[in-house]
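Colleague: Shown below is the structure under consideration.
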Amino acid sequence: MTVSPYDVLDPEIAIFVRRMIADASAHPPREQLTPPEARRVAEIVRQPWTEGGPVMASREDHMIPTRHGPVRIRFHRPEGLAAPAPALIYIHGGGFVLFSLDTHDRLMREYAARARMVVIGIDYSLAPEARFPQAPQEVVDVVRAIHARAAEFGLDPDRIALGGDSAGGNLTVSACLTFRDAGEAPVAAMVLNYGGFSMDLVSPSVLRWGGGNYLLTTHMMLWFLMNYVSDPEQRFDPRLRVLDADLTGLPPAWMVITECDPLYDENLEMRDRLAAAGVPVGAKVYPGTVHSFLEAVSVAKVAGAALDDTALWLKHTLRLN
């Protein structure tokens, strides 16, 4: 009997993974592409998964000044939401190199509809054109600006959450560390979806799940890191290797943890370190899921369940009606 590497996956997630790999195989391999070319391929491969989903009352873009120049943000406002509204500022993943507001458009709309809040995406600058620490600095500047202009944007400044997936989870924690150190509190809650917190390429979960059948690979992680940092020593900067930072005083966190993911181990460790630092943390491991599985919401019930779990946690933590 032949054993497939997909047998360990949730059957609907396996469909998602097979389709993603098949669609990507129609293009040249990433190692033959420049980062801008790889981005174009990623947009094409991801595009089918952004279709459908909740319809918003409005979608609007704004430009926010930062120390590195203007950064675009995108508001998703669900129907019937009165101002001042709660908000989730969302930071897309992609290893600091790939993806965009468009690749994560449906995911942000799903959060807006399920949690009944405004969701705001940040179109932060990507590497290698913008290397570390530009992205975390842009995120800090954008969050500060949104908080300061909350009334203008129809938001409740006391009910703003910050979250993201993969690299976006890293940037979320990094920004909240900066706010804590500055004595600021613009963020009331963190949403951490299968974040990259350690830059560790040799953990047991990396060795088990990074071989190529589960979307995120060890080679991809190395490629991301080489494009993001200009000096190998930057890997140990606590703004990047946030797992080793002093985590005391951070906002409450909700963690979506994927079982079949190279980042599984560091997510468990981040959960435990947040709890040890006194941060209120809720977490759930979703069996049979892979990195990026939330984007499979159109075909996988487990993705919808995870979105609902996050929405419920946000409603409780931010005391939403």
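Please treat every number below as a calculation from the coordinates, not as lab data. Every value quoted in this text rests on a predicted model; they were computed, and no experiment measured them. As a convention, Cβ positions derive from the backbone with ideal geometry for all residues, glycine included, and neighbour counts pool all protein chains shown.
Colleague: What is the magnitude of the charge dipole of the stretch 147-275 about its Cα centre, with +1 placed on the Cβ of each Lys and Arg, -1 on the Cβ of each Asp and Glu, and no other charges, expressed in debye to the nearest 20? List each step's numbers first, then the result.
Modeller: Numbers: 9 positive and 18 negative charges, 28 e Å.
Computed about the Cα centre, the dipole is about 140 debye.
Colleague: Work out, step by step, the length gained on full extension between residue 79 and residue 319: first 0.36 nm times the residue separation, then minus their alpha carbon distance; give nm to one decimal.
Modeller: 84.5 nm
Colleague: Please work out whether the stretch 238-321 counts as rounded, prolate or oblate from its C-alpha gyration tensor, where a ≥ b ≥ c are the square roots of the eigenvalues and a/c under 1.5 means rounded, while otherwise a/b larger than b/c means prolate and anything else oblate?
Modeller: Note, shape of the stretch 238-321 comes out oblate.
Colleague: Could you run the Karplus curve 6.51 cos²θ - 1.76 cosθ + 1.60 with θ = phi - 60° over the stretch 70-87 and give me ³J(HN,Hα) per residue in whole Hz, x for Gly and Pro?
Modeller: Whole-Hz 3J(HN,Hα) from phi for the stretch 70-87: x, 10, 7, 10, 10, 9, 10, 10, x, 5, x, 9, 7, 8, x, 9, x, 9.
Colleague: Could you give the size of the charge dipole of the chain about its Cα centre, using +1 on the Cβ of each K and R and -1 on the Cβ of each D and E, expressed in debye and rounded to the nearest 20?
Modeller: Charge dipole of the chain: 520 debye, to the nearest 20.
Colleague: While we're looking at this one, here's another question. Looking only at the chain, where both bridge partners belong to it, what percent of the DSSP beta bridges are antiparallel (to the nearest 5)?
Modeller: Counting only bridges with both partners in the chain, antiparallel ones make up about 30 percent.
Colleague: In the neighborhood of residue 262, defined by Cβ-to-Cβ distances under 10 Å, what is the net charge if each Lys or Arg adds +1 and each Asp or Glu adds -1?
Modeller: Summing Lys/Arg as +1 and Asp/Glu as -1 gives -3.
Colleague: Let me ask another. Which value in deg cm²/dmol, rounded to the nearest 500, describes the helix-derived mean residue ellipticity at 222 nm for the chain, given -39,500 (n - 2.57) per DSSP H run of n ≥ 4 and division by the residue count?
Modeller: -11500 deg cm²/dmol
Colleague: Moving on. Assign unit charges at the C-beta atoms only (+1 for Lys and Arg, -1 for Asp and Glu), then state the dipole size of the stretch 1-126 relative to its Cα centre in Debye, rounded to the nearest 20.
Modeller: Details: 15 positive and 15 negative charges, 68 e Å.
Result for the stretch 1-126 is approximately 320 debye, rounded to the nearest 20.
Colleague: How high is the relative contact order of the chain, in percent, counting Cα pairs under 8 Å that sit 6 or more residues apart?
Modeller: Once normalised by length, the contact order is 19 percent.
Colleague: Right, another one. Regarding the stretch 129-244, what is the average projected area of its C-alpha convex hull, in nm²?
Modeller: One quarter of the hull surface, i.e. the mean projection, equals 8.2 nm².
Colleague: To the nearest Å, what is the center-to-center distance of the stretch 169-206 and the stretch 97-122, using C-alpha atoms only?
Modeller: Answer, in whole Å: 18.
Colleague: OK, next. For each of 162, 101, count neighbouring Cβ atoms within 10 Å of the residue's Cβ, then give the residues from fewest to most.
Modeller: Values: 162 29, 101 20.
So the ranking, lowest neighbour count to highest, is 101, 162.
Colleague: Please identify which residues in the stretch 39-54 have an amide N closer than 19 Å to a label point set 7 Å out from the Cα of residue 26, following the Cα→Cβ vector.
Modeller: It comes to 39-52, nothing else.
Colleague: Let me make sure I get this right: for the stretch 175-314, a, b and c are the square roots of the gyration tensor eigenvalues over alpha carbons, sorted descending. Under 1.5 in a/c it's rounded, otherwise prolate if a/b > b/c, else oblate. Which is it?
Modeller: oblate
Colleague: Could you derive backbone 3J(HN,Hα) for the stretch 150-162 from the dihedral phi with the Karplus parameters 6.51, -1.76 and 1.60 (θ = phi - 60°), listing whole Hz in sequence and x where the residue is Gly or Pro?
Modeller: With coefficients 6.51, -1.76 and 1.60, one gets 4, 4, 4, 8, x, 10, 8, x, 8, 10, 10, 9, 10 Hz.
Colleague: Ok, one more. Relative to the compact globular guide of 2.2 N^0.38 Å, what is the alpha carbon radius of gyration of the stretch 5-317, as a ratio?
Modeller: 0.92
Colleague: Can you classify the stretch 1-103 as rounded, prolate or oblate using the Cα gyration tensor, where a ≥ b ≥ c are the square roots of its eigenvalues, rounded means a/c under 1.5, and otherwise it's prolate if a/b beats b/c and oblate if not?
Modeller: oblate
Colleague: Using amide H atoms built 1.01 Å from N in the peptide plane, name the residues 5+ places from residue 85, or on other chains, whose amide H lies under 5 Å from its own.
Modeller: The answer is 155, 156.
Colleague: Separate question: Could you pull out every residue, at least 5 positions away or on a different chain, whose amide H is within less than 5 Å of the one on residue 64? Hs are placed 1.01 Å off N in the peptide plane, and Pro or chain starts have none.
Modeller: Long-range HN contacts for residue 64: 71, 72, 73.
Colleague: To continue, here is another question. Which whole-Hz couplings ³J(HN,Hα) result when phi for each residue of the stretch 13-26 is put into the Karplus expression 6.51 cos²θ - 1.76 cosθ + 1.60, θ = phi - 60°, listed in order with x for Gly and Pro?
Modeller: Taking θ as phi minus 60°, the curve returns 5, 4, 4, 4, 5, 4, 5, 5, 5, 5, 5, 5, 5, 6 Hz for the stretch 13-26.
Colleague: Tell me, in nm to one decimal, what length is gained between residue 62 and residue 18 on full extension, where the rule is 0.36 nm per residue of separation less the Cα-Cα distance?
Modeller: Full extension of this stretch gives 12.2 nm more.
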